[in-house]
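K.L.:
Structure in structure tokens, see below.
None of the figures in this text is laboratory data; all of them are computed from the coordinates on show. From a predicted model like this one, the values you see are computed outputs, not experimental measurements. Please note: Cβ atoms are built from the backbone with ideal geometry, for glycine as well, and neighbour counts cover all protein chains shown.
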Amino acid sequence: MNANVENHASPESSGGNTPKHSPAITNKDHPFLEGLNSHQHQLLSDCAIHAHFEPDETIFREGDPANRFYLIQKGRVALEVRNKDHGCNLIQTVRAGEGLGWSWLFPPCFWHFDARALEPTEALFIQGKILREECEADHHLGYELTKRLAAVMLRRLQATRRQLLKLNEDPLAKPA
């Protein structure tokens with residue numbers, strides 16, 4: 001991954017310290033943040049980094065450690081699963097205003113899909129390890145994030161179901 005990150009912190013090394021120059025984030029930055037209180041916003045701001053991905057740039061790969069999630073602000077991201085018979089199958093296209101990645105919250109914290117930018121993409125990169133620790137200490141924050149991530153998981157399951165139904169209709173068809 002070669003994401004351009006505003007404060008030059010490497011996303012792969014995000015399992016450690018809070019970035020030095022975290023952006024202040026507000027409800028206007030992403031729909032996922034609506035309804036959080038000021039303390040919760042501050043915790044997310046402390047874990048946030050602005051990131052940019054070029055078209056076809058890999059954001060994460062299935063099986064790699066999941067130590068972050070993204071709030072997509074601009075662009076589109078393909079969420080794919082590798083299939084030895086058909087290459088990569090598209091599960092869902094994640095768009096601006098949506099969240100990407102929930103595996104950071106649930107041990108053993110490994111990605112279950114590949115994510116790849118389809119066009120220039122801007123996102124808030126949220127450091128999952130630090131935020132997971134905050135969720136353990138602040139159960140109100142943990143509950144709020146779990147409710148929001150459960151909605152992301154439900155959309156992902158529905159997208160996967162639609163893809164499976166398409167494959168069952170035409171077993172030779174490759175998902176678009």
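K.L.:
Go ahead and collect, in residue order, the members of segment 32-46 whose backbone nitrogen is under 19 Å from a label point 7 Å along the Cα-Cβ direction of Ala96.
P.N.:
32-34
K.L.:
Cα-based count: Lys pairs in segment 73-176 below 24 Å, eight or more positions apart or different chains?
P.N.:
5
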